[in-house]
């Protein structure tokens, strides 16, 4: 992976992570990493990212891999709706973090348009 590609991926990951209001540590834990260092290096474009981790990050952020690598732009209407949803979820004081994670997972599932049938 060349340096320019790493920087594009890092910039896009950081942008989407910040939309969610997550720290690097939050995202790292969501993809099974123990520390934020891995995410920090990726966001700075200083580390290669595995395909598995790229897919996991895209899933957690509710975007496509193509979006993270800069080959696809997000739809502004969808992005606005995502931000409204994310803000409402963050504002909820009555939900546990586990409940919020489940709601986010369900929201991403619905948004993906997949059907288990």
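All of the numbers you see were taken from the coordinates with simple rules; none came from a lab. Here the structure is a predicted model, which is why all the values come from computation and not from measurement. Cβ: placed from backbone, ideal geometry, glycine included. Neighbour counts: every protein chain shown.
Sort the range 16-65 into rounded, prolate or oblate with this rule: let a ≥ b ≥ c be the square roots of the eigenvalues of the Cα gyration tensor; rounded if a/c is under 1.5, and if a/c is not under 1.5, prolate when a/b is larger than b/c, oblate otherwise. Here the range 16-65 falls in the rounded category.
What percentage of all Cα-Cα pairs in the chain are separated by more than 22 Å? Result: 33 percent of Cα pairs exceed 22 Å. Between residue 72 and residue 41, the modelled labels are 2.8 nm apart [label points 7 Å from Cα along Cα→Cβ].
Gain on full extension, evaluated as 0.36 nm per residue between residue 90 and residue 5 minus their Cα-Cα distance, stands at 27.5 nm.
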